[in-house]
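Have a look at the structure below before the remarks.
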Amino acid sequence: MKKPPVQIDLHAEAFLSDWQDYAADELANESLIYMRDMLDAAIYWDMPQIKFVHGKGKGILKKLVYDELKLYKDQKAISHFHPAYHNEDIVVVIIGF
């Protein structure tokens, strides 16, 4: 498993070369899968934190990301998460306890 960068852009055009071939709901699902993969890798590598850029838009991706992070927190896989102090389009995930 490759160690992820400390900040991940969840916009589909950042990680899918054929993103324009997807429907909106498929793009959101792909972004969520990508976030899980990167978060799982960050946990595996024992990174202290990781940041995810979800952007503004209609808030659909942000809601999906925050709902998923709540599950990770409930399972005690991460410590907590919060919007970045300098940019609310980014969520900071604190991994270590």
Using θ = phi - 60° and Karplus 6.51 cos²θ - 1.76 cosθ + 1.60, couplings along the stretch 48-58 (whole Hz; Gly, Pro as x): x, 7, 8, 10, 10, 8, 9, x, 9, x, 8
In Å², nearest 10: area of LYS70 left accessible to a 1.4 Å probe: 100 Å²
Distance (nanometres) between label positions extended 7 Å along Cα→Cβ at LEU16 and ASP67: 1.7 nm
Inter-probe distance in nm under a simple model that places probes 7 Å from Cα toward Cβ, at TYR85 and ASP37: 3.3 nm
Per-selection Kirkwood Rh - the stretch 1-54 (Cα, Å, 1 d.p.): 11.6 Å
Rounded to the nearest 20 debye, dipole of the chain from Cβ charges on Lys, Arg, Asp, Glu: 460 debye
Per-residue SASA entry for PHE15, accessible area with 1.4 Å probe, Å² rounded to 10: 50 Å²
Structure-based [θ]222 nm, the chain - -39500 (n - 2.57) summed over DSSP H runs of at least 4, per residue, nearest 500: -12500 deg cm²/dmol
Alpha carbon convex hull of the stretch 51-97, volume per residue in cubic angstrom: 55 Å³
Base-10 log of normalised Debye intensity for the chain (one unit scatterer per alpha-carbon) at q = 0.14, 0.19 Å⁻¹: -0.48, -0.88
Nearest 10 degrees, 0 to 90: helix 24-44 Cα axis against the chain principal axis: 20 degrees
Nitroxide proxy distance, nm - points 7 Å out along Cα→Cβ at TYR44 and VAL92: 2.6 nm
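The values are calculated or read from the model by the stated rules, or taken from the named source; none is laboratory data. Just so you know, these numbers come straight off a predicted model, no measurement behind them. As a convention, Cβ positions derive from the backbone with ideal geometry for all residues, glycine included, and neighbour counts pool all protein chains shown. We work out accessible area using only protein heavy atoms, side chains counted, and drop any ligands, DNA or RNA first. Shrake-Rupley method; radii C 1.70, N 1.55, O 1.52, S 1.80 Å.
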